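One structure is given below, encoded as structure tokens.
The values are calculated or read from the model by the stated rules, or taken from the named source; none is laboratory data. These figures come from a predicted structure and were not determined experimentally. Backbone-built Cβ (ideal geometry, glycine too); neighbour counts: all protein chains shown. For the accessible areas, the whole protein counts, side chains as well, though only heavy atoms, and no ligand, DNA or RNA atoms are used. Shrake-Rupley method; radii C 1.70, N 1.55, O 1.52, S 1.80 Å.
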Amino acid sequence: FLLYGRSDVDGAVALLQQALGKDPLYPPALSRLGELEWAARGHPAEAIRHLEQAVRLDPRAEWSRRVLVMAYLDVDDPAAAEAVVAAAPDVVPVRALSIALYRGEWARAAELAYAGFDAGTITDVDELLAVFAVRADAHRTREFGDALDLLEDVAGVRWDADGRPVLERRLDLKAAPVGLADVLAESGDRPRSHRLLERVLADVEFESRQLRRGDLWYGRARPVALALLGRHDAVLGELEAAMARGFGKHQSWVIVRHEPAFERLRERAGFLRLITGLEDWRRRERAALEELRQTGRVPVRPAVHR
């Protein structure tokens, strides 16, 4: 509740550490603490330490394994990410989605995303990248029908008689409705796209302020929505604020570098500084991971032959 309902990262960490003080090998606490260090604090190396423990204790802990894969990609170690996937006791293809995106295998990523949504194996932790993969494929192929159908369903969007969007109330990352708005705009339906984006931004404001959820979980949807609406001057400030809160650095290798909505920002000095800062952060975190490996607190994953 503190983490997802109030964006109270410190409060959530304190409770998780209290649980681990009673039982240092309690997998759910290790898993959630790893997720939090990765997504909400910007510490993927520390996240890997907790998540490797969680996966070792419970090899079928699917959430832990998927976050661990993504944390390794955030420190530019795709070989370790592939080893985590290969070591799973069963095969779930969508586990490789983030790796396909990391390697720029756009068609493969879209294939995995569509199959994952169809099979019901996309979890909340995958949805941001899965929606991105669908959007990127639509931009690349210029074929929008399947993407529109899928994203409308995933987002829970329907349209009234006047073409205004009606959204289900969901406390999520807003990735799907923003993704739908992007594909609508690319397909030529800018009026519905803009109405949907304005509705999403209004919902974000309501949830952040009236429901007191805070800003943490909207650090991806809000800047993309603003960029799609052409409000580029506000986007950089939103991205910088998200980084400062801790939610925004993870998965930046694809979200910031390849986000199509940010195309007009890529040559701006502030955006270039942001990219440089993220590259420095990834190098620091990779160094922290290597130190954890050298001291035996994180295992060295054997390479997988592709």
Kindly evaluate Phe247 against the criterion of being assigned to a loop (DSSP other than H, G, I, E, B), within 18 Å of the chain's Cα centre (by Cα) and of a type in the set (Phe, Trp, Tyr). yes
Which residue pairs have Cβ atoms under 7 Å apart, sit 6 or more places apart or on different chains, and have a first residue in region 10-23 that is touching a residue at least 12 places away in the same chain (Cβ under 8 Å) and a second that is open to solvent by 30 Å² or more (accessible area, probe 1.4 Å) and hydroxyl-bearing (Ser, Thr, Tyr)? Leu20/Tyr26
Quick check on region 126-144. Is at least one of its residues in contact (Cβ under 8 Å) with a residue 24 or more places away in the chain, closer than 19 Å to Ala185 by Cβ, of a type in the set (Val, Ile, Thr) and surrounded by 15 or more Cβ atoms within 10 Å (Cβ to Cβ)? yes
Considering every residue within region 188-196, establish whether at least one is of a type in the set (Ser, Thr, Tyr), farther than 30 Å from Gln210 by Cα and either open to solvent by less than 70 Å² (accessible area, probe 1.4 Å) or part of a helix (DSSP H, G or I) (or both). no
Determine which member of the set Leu292, Leu274, Leu265 is at pLDDT 95 or above and either open to solvent by less than 90 Å² (accessible area, probe 1.4 Å) or on the phi < 0 side of the Ramachandran plot (or both). Leu292
Name the single residue, out of those in region 277-289 being open to solvent by less than 60 Å² (accessible area, probe 1.4 Å), of a type in the set (D, E, K, R) and closer than 13 Å to Ala71 by Cβ, that is farthest from the chain's Cα centre (by Cα). Glu285
Just wondering, is there one or more residues in region 201-215 that are touching a Lys or Arg at 6+ places or on another chain (Cβ under 8 Å), in a helix (DSSP H, G or I) and within 20 Å of Leu2 (Cβ to Cβ)? yes
In region 152-182, the residues that are in contact with an Asp or Glu (Cβ under 9 Å, 6 or more places away or on another chain) and in a helix (DSSP H, G or I): Val154, Ala155, Ala175, Ala176, Pro177, Leu180
Would you confirm, using the coordinates I've provided, whether Arg222 is open to solvent by less than 40 Å² (accessible area, probe 1.4 Å), closer than 30 Å to Val13 by Cβ and assigned to a loop (DSSP other than H, G, I, E, B)? no
What number of residues within region 257-276 satisfy the criterion of being outside any loop (DSSP other than H, G, I, E, B) and under 19 Å from the mean Cα position of the chain (by Cα)? 7
Subset of region 121-151 [acidic (Asp, Glu) and farther than 22 Å from Asp90 by Cα]: Asp137, Glu143, Asp146, Asp149
(1) modelled with pLDDT of 90 or more; (2) open to solvent by less than 10 Å² (accessible area, probe 1.4 Å); (3) part of a helix (DSSP H, G or I): which one isn't true of Val254, the others all being true? (1)
Can you pull out the residues in region 292-306 that are in a helix (DSSP H, G or I) and touching a residue at least 40 places away in the same chain (Cβ under 8 Å)? Leu292
Among residues of region 91-123 being assigned to a loop (DSSP other than H, G, I, E, B) and free of Cβ contacts under 8 Å to residues at least 24 places away in the same chain, the residue most open to solvent (accessible area, probe 1.4 Å) is Val91
Return the pairs, sorted by first residue and then second, in which the second residue is among the acidic types (Asp, Glu) and open to solvent by 50 Å² or more (accessible area, probe 1.4 Å), the first residue lies in region 197-223 and is touching a residue at least 40 places away in the same chain (Cβ under 8 Å), the beta carbons are less than 8 Å apart, and the residues are 6+ apart or on different chains. Gly214/Asp8
